[in-house]
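> Pasting a structure below so you can have a look.
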Ligand SMILES: [Zn+2]
Ligand SMILES: [Zn+2]
């Protein structure tokens, strides 16, 4: 936390190119934002980047066409490649919460007018052991900045993690699906609500798909994932 505090007291530098930013709360300079967070052609449902040729007539990727996920849409800022992967890692492991604010603000911009409808902004809850190690949930901080920038409603306590799950990185797609089954629950009803689910990285989407399943079961009319970075195919 000391390091996070130091970032607020010292003149800011762009986390990518180190150029001085003066005494602003910014983490990334405008040219780096334009260079490393370009708007790419993506599947509207799962946000995988796709070339024009691989895109179907309805715009979905092959995987979503074969089996529609429970969520309705996904927006992301970038692919999970350098330097964005390093930014996500710095946010999580060195408590660079200024980066969480940057990501939240940019996600609000990208989601645009859709965020104006009455909504619930829900961060993906972290496993208990991760919160204990880290002292904070990065998705909560991104969601907070996103809610502040968009005027949306931060609903931090609606989605509960019922149990810790094995880290998904070590598992196959089938194992990932089984691993997260029944790991989440919703408090109260979400009847007719538009729900935005906020997370840092999306890999296969198994966790987000399970979350969308329980949100829809609780009555959510629409589930839209807002993700900092998406692993490319
Ligand atoms: Zn820069
Ligand atoms: Zn897709």
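The values are calculated or read from the model by the stated rules, or taken from the named source; none is laboratory data. Everything numeric in this text was worked out from a predicted model, so none of it was measured. So basically every Cβ, Gly included, is an ideal-geometry build from the backbone, and we count neighbours across all protein chains shown.
> Among the listed residues 193, 168, which satisfies the condition of being farther than 24 Å from residue 101 by Cβ and crowded, with 21+ Cβ neighbours inside 10 Å? Give the steps one after another, and end with the answer.
Numbers: 168 fails: crowded, with 21+ Cβ neighbours inside 10 Å.
193 is the lone residue from the list that is farther than 24 Å from residue 101 by Cβ and crowded, with 21+ Cβ neighbours inside 10 Å.
> Identify the single condition in (1) more than 16 Å from ligand 1 (Cβ to nearest atom); (2) in contact (Cβ under 8 Å) with a residue 12 or more places away in the chain; (3) surrounded by fewer than 20 Cβ atoms within 10 Å (Cβ to Cβ); (4) within 17 Å of the chain's Cα centre (by Cα) that residue 90 does not satisfy, given that it satisfies every other one.
Residue 90 satisfies every listed condition except (1).
> Restricting the first residue to segment 34-51 and requiring it to be farther than 28 Å from residue 210 by Cβ and away from ligand 1 (no atom under 16 Å from the Cβ), which pairs with a second residue that is at pLDDT 95 or above and in a loop (DSSP other than H, G, I, E, B) meet a Cβ separation below 8 Å and a spacing of at least six or different chains?
Short answer, once both residue conditions are applied: none.
> What single numbered condition from (1) at pLDDT 90 or above; (2) under 15 Å from residue 226 (Cα atoms) fails to hold for residue 114?
(1)
> Kindly check whether there is at least one residue in segment 222-231 that is surrounded by fewer than 18 Cβ atoms within 10 Å (Cβ to Cβ) and either in contact (Cβ under 8 Å) with a residue 60 or more places away in the chain or more than 18 Å from residue 126 (Cα to Cα) (or both). Please lay out each step first, then the result.
Of segment 222-231, the ones surrounded by fewer than 18 Cβ atoms within 10 Å (Cβ to Cβ) are 231.
If we keep only those that are either in contact (Cβ under 8 Å) with a residue 60 or more places away in the chain or more than 18 Å from residue 126 (Cα to Cα) (or both) as well, we get 231.
Checked against the condition, which is being surrounded by fewer than 18 Cβ atoms within 10 Å (Cβ to Cβ) and either in contact (Cβ under 8 Å) with a residue 60 or more places away in the chain or more than 18 Å from residue 126 (Cα to Cα) (or both), segment 222-231 yields at least one hit.
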